[in-house]
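To start, the structure itself, in structure tokens.
The values are calculated or read from the model by the stated rules, or taken from the named source; none is laboratory data. Bear in mind that the values here come from a model prediction, so they are computed numbers and not experimental data. Ideal geometry is used to build each Cβ from the backbone, glycine not excepted, and the neighbour counts take in all protein chains shown.
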Amino acid sequence: MKGRRLIYLAMIVAVSVPVLLGFSLPPSRLVSAERMYSVVDEMQVNPGEVAFVWLDFGPGTLAENEPQAQVLLEHLFRRRIPVVLLSQYQQAEAALQRIPKEVAESLEREMPGQRWAYGEAWVNAGFRPGGQIFIQALVNAPDLSKFLGRDVGGMPIAHYPNFSTIGGVEHVKLVGEITGLVGVLDNIIQFFQKGGYRPTLVHGCTSITIPEAYIFVDSGQLKGLLEGIAGAAWYSEVLKQHHPLSDNSRLLVVNTALSSAHVVLIGLIVLGNIVALWGRRSRRPNG
């Protein structure tokens with residue numbers, strides 16, 4: 001029991017010291033996140049064309065998925081690409097409301113005089129039940145604005161100028177799926193396409209689902225990937241290289257705290273194996 005408490009204490013110290021001191025290290029370069037940045041940055045969007053971003057996460061994976069959603073939305077907002085936010089997961093409703101608003105407020109503080117207003121930069125179409133059935137109906141709708149109907153505030157989505165004439169799925173240039181759930185990315189990959197048209201798809205996943213996501217990266221179905229919080233940290237670093245006033249300090253501190261916890265964990269595993277081997281050796285009969 002005493003040893004277990006020491007392990008917990010070591011992990012608490014490893015995580016809390018970088019957070020309390022505001023200490024951070026440069027994030028590791030991740031090619032998939034870099035590729036995702038390039039895809040968003042080079043995308044050409046005409047009037048009436050939009051991005052769809054699905055926030056399919058709740059409190060359980062907020063620590064990893066929220067930074068991913070923040071960096072993707074920040075980049076889309078900087079590019080003035082209108083975003084339709086929605087979810088297949090009911091527990092994501094709070095994130096759909098809060099995250100884009102916080103990103104917009106941060107950009108407005110960075111660039112006084114510029115605005116990212118609701119209804120111009122984004123609309124919140126909310127939680128949409130039905131999974132595969134809903135997505136199949138969505139992509140076959142002749143007018144996505146009318147099909148989606150009203151936003152979470154009850155206003156018709158067609159009321160907002162940037163979203164009034166989306167038309168069919170061919171006007172969705174980018175689809176972002178941020179999730180730690182099993183199956184929701186599969187729904188997008190399988191069904192968010194029509195008549196040979198498939199929008200560019202990017203993804204943010206939790207660390208435990210990275211191996212599953214690599215399959216779609218290798219096949220070319222995913223054009224970019226954020227691998228856990230480390231992927232979000234590197235994406236934010238690339239974003240900062242192009243936009244020096246972008247503030248990613250908090251994200252880098254969290255990423256550093258996570259890395260230090262991993263180092264301590266690896267050290268404890270090595271130490272535990274050394275102690276076990278030493279104890280086994282000392283119990284061997286002499287000679």
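Looking for something β-branched (Val, Ile, Thr) and out of contact with any Gly (no Cβ under 8 Å at 6 or more places or on another chain) - is there at least one such residue anywhere in region 150-161? Please lay out each step first, then the result.
Let us first name the residues in region 150-161 that are β-branched (Val, Ile, Thr), namely 152, 157.
Narrowing the set further to residues that are out of contact with any Gly (no Cβ under 8 Å at 6 or more places or on another chain) leaves none.
No, region 150-161 contains no residue that is β-branched (Val, Ile, Thr) and out of contact with any Gly (no Cβ under 8 Å at 6 or more places or on another chain).
Just give me the residues in region 120-152 being buried (at least 20 other Cβ atoms within 10 Å of the Cβ), of a type outside the set (A, V, I, L, M) and either out of contact with any Asp or Glu (no Cβ under 9 Å at 6 or more places or on another chain) or at pLDDT below 95 (or both), in sequence order.
Residues of region 120-152 buried (at least 20 other Cβ atoms within 10 Å of the Cβ): 121-125, 135, 138-139, 144-145, 148, 151.
Next, only the ones that are of a type outside the set (A, V, I, L, M) stay: 122, 124, 145, 151.
Residues satisfying the conditions are TRP122, SER145, ASP151.
Somewhere in region 26-35, is a residue free of Cβ contacts under 8 Å to residues at least 60 places away in the same chain and more than 30 Å from VAL139 (Cα to Cα)?
The first filter runs over region 26-35 and keeps only residues free of Cβ contacts under 8 Å to residues at least 60 places away in the same chain, leaving 31.
Subsequent filtering for residues that are more than 30 Å from VAL139 (Cα to Cα) retains 31.
Within region 26-35, one or more residues are free of Cβ contacts under 8 Å to residues at least 60 places away in the same chain and more than 30 Å from VAL139 (Cα to Cα).
Between ARG35, ARG80, ARG29, ARG4, which is in a helix (DSSP H, G or I) and exposed (fewer than 13 other Cβ atoms within 10 Å of the Cβ)?
Values: ARG35 fails: exposed (fewer than 13 other Cβ atoms within 10 Å of the Cβ); ARG80 fails: in a helix (DSSP H, G or I); ARG29 fails: in a helix (DSSP H, G or I).
None of the other options fit; the residue is ARG4.
On the basis of being more than 27 Å from ALA94 (Cα to Cα) and in contact with a strand residue (DSSP E or B) (Cβ under 6 Å, 6 or more places away or on another chain), does SER32 make the cut? Before the answer, list the steps.
Values: more than 27 Å from ALA94 (Cα to Cα): yes; in contact with a strand residue (DSSP E or B) (Cβ under 6 Å, 6 or more places away or on another chain): yes.
Yes.
Can you name every residue in region 83-110 that is more than 14 Å from the chain's Cα centre (by Cα) and either of a type outside the set (D, E, K, R) or buried (at least 22 other Cβ atoms within 10 Å of the Cβ) (or both)?
So in region 83-110, the residues more than 14 Å from the chain's Cα centre (by Cα) come out as 83-84, 88-91, 93-94, 97-98, 101-102, 104-110.
VAL83, VAL84, GLN88, TYR89, GLN90, GLN91, ALA94, GLN97, ALA104, SER106, LEU107 - these are the residues of region 83-110 that are more than 14 Å from the chain's Cα centre (by Cα) and either of a type outside the set (D, E, K, R) or buried (at least 22 other Cβ atoms within 10 Å of the Cβ) (or both).
Looking only at region 193-221, how many residues end up being outside any helix (DSSP H, G or I), more than 14 Å from the chain's Cα centre (by Cα) and without any contact (Cβ under 8 Å) to a residue 60 or more places away in the chain?
Just the residues of region 193-221 that are outside any helix (DSSP H, G or I), to begin with: 193-206, 220-221.
Then drop every residue that is not more than 14 Å from the chain's Cα centre (by Cα), which leaves 193-200, 220-221.
So of that shortlist, the ones also without any contact (Cβ under 8 Å) to a residue 60 or more places away in the chain come out as 193-198, 220-221.
Looking only at that region, the number is 8.
Mind listing just one residue for me: the one in region 38-62 that is among the aliphatic types (A, V, I, L, M) and in a helix (DSSP H, G or I) and, of those, nearest to ALA121 (Cα to Cα)? Before the answer, list the steps.
Start the filter on region 38-62 by keeping residues that are among the aliphatic types (A, V, I, L, M), which leaves 39-40, 43, 45, 50-51, 53, 55, 62.
Within this subset, residues satisfying the condition of being in a helix (DSSP H, G or I) are 39-40, 62.
Details: VAL39: 19, VAL40: 15, LEU62: 23 Å.
Checked region 38-62; the qualifying residue nearest to ALA121 (Cα to Cα) is VAL40.
If we scan region 224-231, do we find a residue that is among the β-branched types (Val, Ile, Thr), touching an Asp or Glu at 6+ places or on another chain (Cβ under 9 Å) and free of Cβ contacts under 8 Å to residues at least 24 places away in the same chain? Show your work before the answer.
Step one: filter region 224-231 for residues among the β-branched types (Val, Ile, Thr), giving 229.
If we keep only those that are touching an Asp or Glu at 6+ places or on another chain (Cβ under 9 Å) too, we end up with 229.
Add one more test, that the residue is free of Cβ contacts under 8 Å to residues at least 24 places away in the same chain, and what stays is none.
No, every residue in region 224-231 fails to be among the β-branched types (Val, Ile, Thr), touching an Asp or Glu at 6+ places or on another chain (Cβ under 9 Å) and free of Cβ contacts under 8 Å to residues at least 24 places away in the same chain.
Take the residues in region 132-190 that are part of a strand (DSSP E or B) and either polar (S, T, N, Q) or farther than 24 Å from GLN221 by Cα (or both), then tell me which one is farthest from the chain's Cα centre (by Cα).
Initial filter on region 132-190 (part of a strand (DSSP E or B)): 150, 156, 172-179.
Now narrow it down to the ones that are either polar (S, T, N, Q) or farther than 24 Å from GLN221 by Cα (or both): 150, 156, 179.
On the way: ARG150: 25, PRO156: 27, THR179: 7 Å.
Restricting to residues being part of a strand (DSSP E or B) and either polar (S, T, N, Q) or farther than 24 Å from GLN221 by Cα (or both), the top hit is PRO156.
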